[in-house]
Structure formats: C-alpha cells, structure tokens
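Readers should treat all values here as calculations from the given coordinates under stated rules, not as data from a laboratory. Values in this document were obtained by computation on a predicted structure and should not be read as measured data. With ideal geometry, Cβ positions are generated from the backbone for all residues, glycine too; neighbour counts draw on all protein chains shown.
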Amino acid sequence: MGGAGAAPPSPFLDALAQRKNSRLSSHNASLLTRLDRYGARDLDAALADALARSAVAAQSVVRVPRSALAPAAAKTSASLMLQPTRASPASSGRTSMVLATSSDANAEATMSELPRRPDRPPPAPRRRQNIDHRAVMLEIDHLFCFVDPGADWASRAGEGGWILDQGVEHAGQGMRNRRLWLPEQYLEFIWLSSRTDAANNPLRLDRRADWRTTGACPFGVGLRGQLDEDWRSEFWAYRPPYAPEAYLWVHRSNESTPLVFVIEASAGTLERFRPRTRFADKPHLLAHARPATIHRLSFRTPGPIQALLANVAPQVIWRSGSPQCLEVSLGDSASPVLKLAEEVSLVG
C-alpha cells in the first residue's frame, strides 16, 4: 500500500500474503485480504474488523511457517490460531477471542472482545408431503359401476331411501344406465345394452361388463377440472358418439384398473353441470331420505389403481384383494352399510 501515512512494510503481513492462495480456506483468504488494507501498527483493529465480518472466523486457522517469519517474530511465533473462549459473566452477549501463539514459552495474548451476531433460531424443517401437485385441480364428477340389470340393486336402493332416475342410453357405446344424483356428484349404474356397439367402441366397455370372466375392472371414475401438460401425456382424447360435442380425456391404464377419464371445461361450465345446479328445476331427483354427499371412496381390486386418484377430492382409498368391490361413503364410518350388489355398497 502506498500514499501518505502508509504503514511501513511488515514481514509478518508479507508472509501471510504469500500463503493466502495456497492452503487457506475461502474464509481465511478473505481475512488476509482485509489484513492487507491495514498497517502492522493497526493489526489488532484489522483482526477485529475482519473477524466481525466472518461467521466462521472463530474456526479459521492461519498457519505461517517459521522460515517465512522475520527473525524477531520467529522467536515467539510458529503459528497463529484464533480460538473462541468461554465468555465471562460480565460480557454476556459477547464472545472473547484469544490470539494463541505457539512459542518456546507458549505465550497467550487476549484480544479485545468482539461483538458476535445474535443467534438465529434454526429454520423450521420443511414438511415433505407425498402430494402430486399436477392433480390438485381435479375432483370427482361421477362414478360408474357395472351391474346386472336383472338383479335387485334398484329396489334395494329405494328401500334404503335413495332415489334413482330412469336413466339414458349411451348410443354408439353400447351402454345404458340409471343414476343416483347427489348435490356435487352422482353414481351411475350401467350395463351392456349392445354388445356390437361396445365391441366397436375404443373404450371396449363390453370387457368391463364381462369382468367376472375377463378380469377387467367393473368401475369407472369421471373427474372434472383441468389437466396440465404433464398429466395430459398419460391420457388420450375421446369424443363420445352419443355427445360428439363433448371432449373426454381417458387414462391410458389397462382394463384391470378403474376406467379413469377427465371432463375438461371452463369453471363456469363445470359449475352449471353440478347436479345441484343442473337439476335446480327437478328437486325430486335430490330428495333422498337424508342429505348426503360423497366423503370417501374405497376400491378393492387385485392391482393398484391410478396414482393420480390419490390427489383428487373426495378421498380415494385402495386395498388389494378380491373379489373386486367399491364402497361409497356417504356418511361417517359408523353409518349402516347398504349392499346394493356384490360389487358395490353404500355407507350412510
């Protein structure tokens, strides 16, 4: 350093400067850089300033070989080490640093106390959640289950206080249905009405209708909402022949899992098709013996269901086993179970 008032060269600082680009850590290098800005006469002030700016200075070690020191300094110091010491009662909130020099006499010199940065509480650990955020916008619109049209599931539903509509034909898909409407979702009971149509349709619902012999899954889950591009790659586009203006995205999973599809539309359109809005002029379809909404679905199938169903609402639970069945919870777990058919039950 030059200019008026500059301190005379110091062998000690020269030795430190020669070592700062070799074995020193980045923190020690920063320390030495700051020492260069001071003269030897201001060594204590330089150290205090540098240590106050380095969070790890208390653990930094600067080692200077004896051969690099001036003869006078070599007699008293072979290495320089900064060590933290226990604070005295009178210096609460401050820490005392000791400049320890190894010499024949093992002398120690105490520096002035330096203020330390107030302790900061450790950051709260981030809770890891097994949630796939690509599916958060999807919710259940309706469920379907294949049933035997000649069985007594409809009369059982009526005896339990549940109202079914007369249903419709899904022309070109080979299916007919009856539905149990709830304010937010509905349950669809379907059966094969035209094997030819079903066999010629890409959904091949005839195989699901014959689930006892084919091993296919007799259930389906219709979702509403928006798919993002990551999920969309797992679906294929389908236009129902009975409603060509509609557009569905069908999951590419195999027939041993529930048929999962997504009804994509604007928020306003989806709201208009919620049963409570859709049948505002037909309240008798929602006039069940007791108010109900779907709280939980529980599937039992031989193989796992699609991963995205773990993130939709209401909750979907899967259990491995057979025979295949679907349990729809409309009330709490203590509610009575109404078994409509071998493969489907209502709780609540």
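Around Leu338, under 9 Å between beta carbons, what's the net of Lys plus Arg minus Asp minus Glu among the other residues? Counting the neighbours of Leu338, the net charge comes to +1.
Is segment 204-328 best put as rounded, prolate or oblate by its Cα gyration tensor, with a ≥ b ≥ c the root eigenvalues, rounded for a/c under 1.5, and otherwise prolate when a/b is larger than b/c, oblate when not? Since a/c reaches 1.5 but b/c is at least a/b, the shape of segment 204-328 is classed as oblate. Sequentially through segment 147-161, phi angles give Karplus couplings (6.51, -1.76, 1.60; θ = phi - 60°) of 9, 7, x, x, 7, 9, 4, 5, 5, 5, 4, x, 5, x, x Hz, Gly and Pro residues having no value and appearing as x.
Quick check on segment 133-347: take the gyration tensor over C-alpha atoms, sort the square-rooted eigenvalues as a ≥ b ≥ c, and tell me if it's rounded (a/c under 1.5), prolate or oblate. Rounded, since a/c falls under 1.5. Put simply, when 142-149, 301-308 are sorted by average Cβ atoms within 10 angstrom per residue, most first, you get 142-149, 301-308.
Considering Cα pairs under 8 angstrom that are at least six residues apart, work out the relative contact order of segment 146-215 and quote it in whole percent.
On the way: 95 pairs, mean separation 18.5, N = 70.
Answer for segment 146-215 is 26 percent.
For the peptides 310-323, 185-198, the ranking by packing is 185-198, 310-323, with the highest mean count of neighbouring Cβ atoms within 10 Å listed first.
Counting every other Cβ atom within 10 Å of each residue's Cβ, Met137, Met175 order from fewest to most as Met137, Met175.
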